[in-house]
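Novice: This is the structure, below, for whatever I ask next.
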Amino acid sequence: MSKDRPDAAAPASPQALLPALRALVAEVVGAAVADAEAQGRQVSCAAGCGACCRQLVPIADVEAQAIADLVERLPPARRAEIEARFAEAERRIAAWQPLDSLLDADVDAPAEEQLRVAAGYFRLGIACPFLEDESCSIYPERPLLCREYLVTSPAAHCARQYELRTDSVRLTRPSWSLARLASEETPPRPTYVPLALALYWRRERARPVAPQPLAVWVARFEAASRLVAEKLAQAEPDAVVVTMHRTGDA
């Protein structure tokens, strides 16, 4: 067995699948961007534009655990700084509505309700705890959804996205399948955690997940992907909005 390749039969946490999923998303995004460019559209996202980092970013529970682990690994002074930002985000969100109401949000709620909550959160103006100088300070380890979200509308529209139209690049979203990976329900139900509440979720809601061989996690992800595809095929247009906000999906 190569030192650079994990043993697929050895028990591992679901987080062990993240490097492969990040590579998968890179391929998906690359193909989607190429298609957009072939249609004469250009991605307007760039370093220094952090409007999307103030959205309600629903990440999978597997990634919430990875984010909490990342914070724990930071040097003490840096960890204290980031934890303080998470604490301030929790305080501001709690002043708006109970934290658990976001963790318990119905993923099958009508699109209008999901967008209402997303818009309310956006108006709070809470920056991601990892946003610095309008750029992501954990870019190599950022969640899948952040990698999947690209717009072709003018960048200035993103800061006023509930007033001006924003158009995102249409692509499949492995992040939706990842949210079902650790579910013990049949069929697996997704668990989403607002990124800014990752540490709160870890403290209050996280449950142990039994290690499984990497091959098992891969099989579970593939099964979840088929389920998501079926759900999307059966849904009415715009009925599924479990993502960062978009008013147009071209």
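The values are calculated or read from the model by the stated rules, or taken from the named source; none is laboratory data. These numbers were taken from a predicted model, which means no experiment stands behind them. Counting neighbours? That spans all protein chains shown, and the Cβs are built from the backbone with ideal geometry, glycine included. Please note that ligands, DNA and RNA were not included when accessible areas were found on the heavy atoms of the full protein model with its side chains. Shrake-Rupley method; radii C 1.70, N 1.55, O 1.52, S 1.80 Å.
Novice: Could you look through region 133-146, keep only residues that are assigned to a helix (DSSP H, G or I) and farther than 11 Å from C45 by Cβ, and pick out the one that is most open to solvent (accessible area, probe 1.4 Å)?
Specialist: Result: Y139.
Novice: Okay, next question. Does region 36-49 include one or more residues that are assigned to a helix (DSSP H, G or I), more than 25 Å from A119 (Cα to Cα) and open to solvent by 60 Å² or more (accessible area, probe 1.4 Å)?
Specialist: Looking through region 36-49, at least one residue is assigned to a helix (DSSP H, G or I), more than 25 Å from A119 (Cα to Cα) and open to solvent by 60 Å² or more (accessible area, probe 1.4 Å).
Novice: Shifting gears a bit: Does E83 satisfy the condition of being outside any strand (DSSP E or B), open to solvent by 50 Å² or more (accessible area, probe 1.4 Å) and either under 23 Å from Y149 (Cβ atoms) or at pLDDT below 95 (or both)?
Specialist: Criteria not met by E83.
Novice: Follow-up. Looking only at residues that are touching a residue at least 24 places away in the same chain (Cβ under 8 Å), open to solvent by 30 Å² or more (accessible area, probe 1.4 Å) and part of a helix (DSSP H, G or I) in region 147-166, which one is nearest to Q65 (Cα to Cα)?
Specialist: R147
Novice: Of all residues in region 43-68, which are within 26 Å of A206 (Cα to Cα) and of a type in the set (A, V, I, L, M)?
Specialist: Residues satisfying the conditions are L56, V57, I59, A60, V62, A64, A66, I67, A68.
Novice: Yes or no: region 105-113 includes at least one residue that is at pLDDT 95 or above, over 19 Å from A182 (Cα atoms) and open to solvent by less than 60 Å² (accessible area, probe 1.4 Å).
Specialist: Scanning region 105-113, I find no residue that is at pLDDT 95 or above, over 19 Å from A182 (Cα atoms) and open to solvent by less than 60 Å² (accessible area, probe 1.4 Å), so the answer is no.
Novice: Given the criteria out of contact with any strand residue (DSSP E or B) (no Cβ under 9 Å at 6 or more places or on another chain) and among the hydrophobic types (A, V, I, L, M, F, W, C), does A51 qualify?
Specialist: Against the criterion (out of contact with any strand residue (DSSP E or B) (no Cβ under 9 Å at 6 or more places or on another chain) and among the hydrophobic types (A, V, I, L, M, F, W, C)), A51 qualifies.
Novice: Among the residues of region 122-131, how many are surrounded by 15 or more Cβ atoms within 10 Å (Cβ to Cβ) and modelled with pLDDT under 95?
Specialist: 1
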